[in-house]
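**Student:** One structure coming up, written as structure tokens, with questions to follow.
The values are calculated or read from the model by the stated rules, or taken from the named source; none is laboratory data. Since the structure is predicted, the reported quantities are computational estimates derived from the model, not experimental observations. Glycine also receives a Cβ, built like all others from the backbone with ideal geometry; neighbour counts cover every protein chain displayed.
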Amino acid sequence: MTIDHDAVLRARVFLLGSGRLWPEDLVGAYRVLAEVSPRVYGPRLVDTLHTLCSQSREPEVKVELAAEACRAARGLEAGEPGRAERLCWALDAYQASLFALGRRAEGRAICEELAEAGRSERLATVLAEEGRFGEAAELGEAAARRGSPDRSFWDLVRWAANLEGAGLHDAASAVFRELLAETRREAAEEGTGLPVLVWELVHFARMREAVGDGESAAAARREALEVLEGLATAGEPRKSNGLPERWRTLFVLSGRAAEPAAGPESPMPPFGTENGWSRDVRESFLGLLPDLEAEAARLSEGERLPELVDVRRRIGIRVVVRDGDHHYLFEERLAPCFDEGVTLARRLPDDPARLARALTDRSMFLVAARSFERALADLAEAAALLH
């Protein structure tokens, strides 16, 4: 390697100069000095590139900066303090910038490298987006087993969703039963999690109904009604945190069967997880809203109510994905979607299943809004329709 000693001298003088130096100023000097003093300036170069990447609003610039940060992080010595953390930062930024540009194959390769560095969650998400549910479930199991005995809602829901996507329905139900057991324990010991337990029980009922296990589904609905009746009567013993996020995750997951199958060339959202969707997948999923609205208008004009109910539900799921994390006027903004679903379904007297689904959807939304009495009325009517 030929060293430009004049460039090195200029870089050192520049860093010794007075005044505040911004990342844009520093990165050039660090590039030069990292060649001659990698242990000192290599980590600084990675950190500065990471900062610039985070600040940039230009997708192509972000990709270039993140790629350079990866090269610099890989070049750090194996025993360098903070090397693993810096490499993961750089890889994560790089894969995100690649997916934002729709460069999925390259992004997936970086996610594989990230998994080799001990961060497998992102790869599991990407595999699920591409319909590779079995592989995603294997990674999900490894992540859940590595966790604490009280594994998180997010780990178990993601794992169960991928098992279900792979057609392993009994295995998915077994994982979901573990989640139910943990939530019941939390509710009994700490007085929290009762709304979450209602959602989990209702979702479990849907899982079992989908495979013809009506007995387990009915038992789960009965338990959900009992818990919800207690909430409507006495309120929450202690308020739970993170309610809308958990409701959104399960509600969106419940709509997966109505969407096109995922594949490498036609990725779909990673149903079963709230965060981490690839930018291209999210934009494509939400970008279908105008087409669905147009389809709904045609169905309405043609009085094709069953199909209209289904399309309006697909629209409602996308509205929740787009707007459901805005807590201001939460109930007022989202309620019209659920009210419309129930109103349309009531116009189908010979289709109790669709009405029960619409009532259940609205009930679970009302639980998220902490309108427990109204939620109980809807869920009770839905349960009666399904008897």
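**Student:** Considering only residues that are among the aliphatic types (A, V, I, L, M) and closer than 16 Å to SER363 by Cα, which ones fall in the stretch 322-343?
**Tutor:** Passing the criteria: LEU334, ALA335, VAL342.
**Student:** Are any residues in the stretch 300-334 within 21 Å of LEU253 (Cβ to Cβ) and among the aliphatic types (A, V, I, L, M), and if so, which ones?
**Tutor:** VAL309, VAL311, ILE315, ILE317, VAL319, VAL320, VAL321, LEU334
**Student:** Same structure again: In the list GLU135, GLU190, which residue meets the criterion of being more than 27 Å from ALA382 (Cα to Cα) and without any contact (Cβ under 8 Å) to a residue 12 or more places away in the chain?
**Tutor:** Checking each option against the conditions leaves just GLU135.
**Student:** Just to be sure, is LEU45 assigned by TED's automatic domain parsing to the domain that holds ALA29, among the hydrophobic types (A, V, I, L, M, F, W, C) and at pLDDT below 95?
**Tutor:** Values: assigned by TED's automatic domain parsing to the domain that holds ALA29: yes; among the hydrophobic types (A, V, I, L, M, F, W, C): yes; at pLDDT below 95: yes.
Criteria met by LEU45.
**Student:** Could you list, in sequence order, the residues of the stretch 224-247 that are modelled with pLDDT of 95 or more and over 27 Å from the mean Cα position of the chain (by Cα)?
**Tutor:** LEU225, GLU226, GLU229, GLY230, LEU231, ALA232, THR233
**Student:** Same structure again: Report the residue count in the stretch 143-166 for those that are surrounded by fewer than 15 Cβ atoms within 10 Å (Cβ to Cβ) and either in contact (Cβ under 8 Å) with a residue 24 or more places away in the chain or closer than 24 Å to CYS70 by Cβ (or both).
**Tutor:** So the count comes out to 1.
**Student:** Here is a further query. Out of everything in the stretch 321-352 that is in contact (Cβ under 8 Å) with a residue 60 or more places away in the chain and in contact with a Lys or Arg (Cβ under 8 Å, 6 or more places away or on another chain), what residue ends up being farthest from LEU288 (Cα to Cα)? Give the steps one after another, and end with the answer.
**Tutor:** Applying the first criterion (in contact (Cβ under 8 Å) with a residue 60 or more places away in the chain) to the stretch 321-352 yields 321, 324-325, 327, 330.
So of that shortlist, the ones also in contact with a Lys or Arg (Cβ under 8 Å, 6 or more places away or on another chain) come out as 321, 324-325.
Details: VAL321: 13, GLY324: 17, ASP325: 20 Å.
It comes out as ASP325.
**Student:** Within the stretch 183-213, count every residue that is touching a Pro at 6+ places or on another chain (Cβ under 9 Å) and either surrounded by fewer than 18 Cβ atoms within 10 Å (Cβ to Cβ) or not in a helix (DSSP H, G or I) (or both). Lay out the reasoning, then the answer.
**Tutor:** Of the stretch 183-213, the ones touching a Pro at 6+ places or on another chain (Cβ under 9 Å) are 187, 190-192, 194.
Next cut, either surrounded by fewer than 18 Cβ atoms within 10 Å (Cβ to Cβ) or not in a helix (DSSP H, G or I) (or both) only: 190-192.
Residues in the stretch 183-213 being touching a Pro at 6+ places or on another chain (Cβ under 9 Å) and either surrounded by fewer than 18 Cβ atoms within 10 Å (Cβ to Cβ) or not in a helix (DSSP H, G or I) (or both): 3 in total.
**Student:** Can you find even one residue in the stretch 31-42 that is of a type in the set (D, E, K, R), modelled with pLDDT under 90 and more than 23 Å from ALA117 (Cβ to Cβ)?
**Tutor:** yes
**Student:** A further question on this structure: Can you tell me which of ALA109, ALA115 is under 21 Å from TRP277 (Cβ atoms) and in contact (Cβ under 8 Å) with a residue 24 or more places away in the chain? Before the answer, list the steps.
**Tutor:** Details: ALA109 fails: in contact (Cβ under 8 Å) with a residue 24 or more places away in the chain.
Matching residue, one of ALA109, ALA115: ALA115.
**Student:** Regarding the stretch 291-306, can at least one residue be identified that is hydrophobic (A, V, I, L, M, F, W, C), at pLDDT 95 or above and assigned to a loop (DSSP other than H, G, I, E, B)?
**Tutor:** No, because not a single residue in the stretch 291-306 is hydrophobic (A, V, I, L, M, F, W, C), at pLDDT 95 or above and assigned to a loop (DSSP other than H, G, I, E, B).
**Student:** Moving on. Suppose the filter is under 25 Å from the mean Cα position of the chain (by Cα), outside the structural domain of PHE330 (by TED's automatic domain parsing), at positive phi and of a type in the set (Gly, Ala, Ser); does GLY193 pass it?
**Tutor:** Values: under 25 Å from the mean Cα position of the chain (by Cα): yes; outside the structural domain of PHE330 (by TED's automatic domain parsing): yes; at positive phi: yes; of a type in the set (Gly, Ala, Ser): yes.
Yes; evaluated as a whole, the condition is true for this residue.
**Student:** OK, next. Does ALA66 fit the bill of being within 18 Å of ALA117 (Cβ to Cβ), buried (at least 20 other Cβ atoms within 10 Å of the Cβ) and free of Cβ contacts under 8 Å to residues at least 60 places away in the same chain?
**Tutor:** yes
**Student:** Being outside any helix (DSSP H, G or I), exposed (fewer than 15 other Cβ atoms within 10 Å of the Cβ) and out of contact with any Gly (no Cβ under 7 Å at 6 or more places or on another chain): is that true of ARG71 here?
**Tutor:** no
**Student:** Then there's this: Within the stretch 329-387, restricting attention to residues that are assigned to a helix (DSSP H, G or I) and hydroxyl-bearing (Ser, Thr, Tyr), which residue is surrounded by the fewest Cβ atoms within 10 Å (Cβ to Cβ)?
**Tutor:** To start, the set of residues in the stretch 329-387 that are assigned to a helix (DSSP H, G or I) comprises 330-345, 352-368, 372-386.
Then keep just the ones that are hydroxyl-bearing (Ser, Thr, Tyr); that gives 343, 360, 363.
Numbers: THR343: 12, THR360: 26, SER363: 29.
By that ranking, first place goes to THR343.
**Student:** Determine whether ALA257 is free of Cβ contacts under 8 Å to residues at least 24 places away in the same chain, part of a helix (DSSP H, G or I) and either of a type in the set (D, E, K, R) or loosely packed, with under 14 Cβ neighbours inside 10 Å (or both). Outline the logic, then answer.
**Tutor:** Details: free of Cβ contacts under 8 Å to residues at least 24 places away in the same chain: no; part of a helix (DSSP H, G or I): yes; either of a type in the set (D, E, K, R) or loosely packed, with under 14 Cβ neighbours inside 10 Å (or both): yes.
Spelling it out, it is not the case that ALA257 is free of Cβ contacts under 8 Å to residues at least 24 places away in the same chain, part of a helix (DSSP H, G or I) and either of a type in the set (D, E, K, R) or loosely packed, with under 14 Cβ neighbours inside 10 Å (or both).
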